[in-house]
Amino acid sequence: QVQLVESGGGLVQAGGSLRLSCVASRRSFSDYAVGWLRQGPGKEREFVAAVLGRATKTYYADFARGRFTVSRDNAKNTVYLQMNSLSPEDTAIYFCARYNSPSSTSYESITDWGQGTQVTVSS
């Protein structure tokens, strides 16, 4: 099991930016795909973005593409989510998640979750 700790959330005005970080407790973290998911008030948890092991490829939800960038620094056991042009619709708890392989990003393959970090975007 890998412990994941997110940080970087907060309150930002519409149009602003935030960078979320997810630090893992184990070095083998770099062998696995890692993703960001979010859950807004009264909504189901949804996929935001993911980066495969060794940063070979990235995936984005339609709402994130062009505004958000996921990246990883395996030397630091850290995955980032840079979020730009934020809108109130992006208000949610953002979770970091580790998948059970370097290439899978299906919800069912998530094995570890962080505790989440709150992002609030004011209009």
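The set of residues in the stretch 107-119 being open to solvent by 50 Å² or more (accessible area, probe 1.4 Å) and farther than 15 Å from residue 29 by Cα consists of 107, 108, 115, 118.
Based on this model, can you work out whether residue 107 counts as in contact with a Ser or Thr (Cβ under 9 Å, 6 or more places away or on another chain) and under 16 Å from residue 46 (Cα atoms)? Show your work before the answer.
Working: in contact with a Ser or Thr (Cβ under 9 Å, 6 or more places away or on another chain): no; under 16 Å from residue 46 (Cα atoms): yes.
Criteria not met by residue 107.
Using beta carbons and a limit of 9 Å, which pairs, at least six apart or on different chains, have the first residue in the stretch 112-123 and closer than 16 Å to residue 21 by Cα and part of a strand (DSSP E or B) and the second one open to solvent by 90 Å² or more (accessible area, probe 1.4 Å) and not aliphatic (A, V, I, L, M)? From the stretch 112-123, the pairs are 112/1; 112/3.
Within the group 8, 40, 35, which residue is on the phi > 0 side of the Ramachandran plot and under 15 Å from the mean Cα position of the chain (by Cα)? Give the derivation first.
Numbers: 40 fails: on the phi > 0 side of the Ramachandran plot; 35 fails: on the phi > 0 side of the Ramachandran plot.
Of the residues listed, the single one that is on the phi > 0 side of the Ramachandran plot and under 15 Å from the mean Cα position of the chain (by Cα) is 8.
Looking for something of a type in the set (A, V, I, L, M, F, W, C), touching a residue at least 24 places away in the same chain (Cβ under 8 Å) and touching a helix residue (DSSP H, G or I) at 6+ places or on another chain (Cβ under 8 Å) - is there at least one such residue anywhere in the stretch 51-62? Looking for residues that are of a type in the set (A, V, I, L, M, F, W, C), touching a residue at least 24 places away in the same chain (Cβ under 8 Å) and touching a helix residue (DSSP H, G or I) at 6+ places or on another chain (Cβ under 8 Å), one finds none in the stretch 51-62, hence no.
The values are calculated or read from the model by the stated rules, or taken from the named source; none is laboratory data. Since the model is a prediction, treat every value here as computed from it, not as a measurement. With ideal geometry, Cβ positions are generated from the backbone for all residues, glycine too; neighbour counts draw on all protein chains shown. We work out accessible area using only protein heavy atoms, side chains counted, and drop any ligands, DNA or RNA first. Shrake-Rupley method; radii C 1.70, N 1.55, O 1.52, S 1.80 Å.
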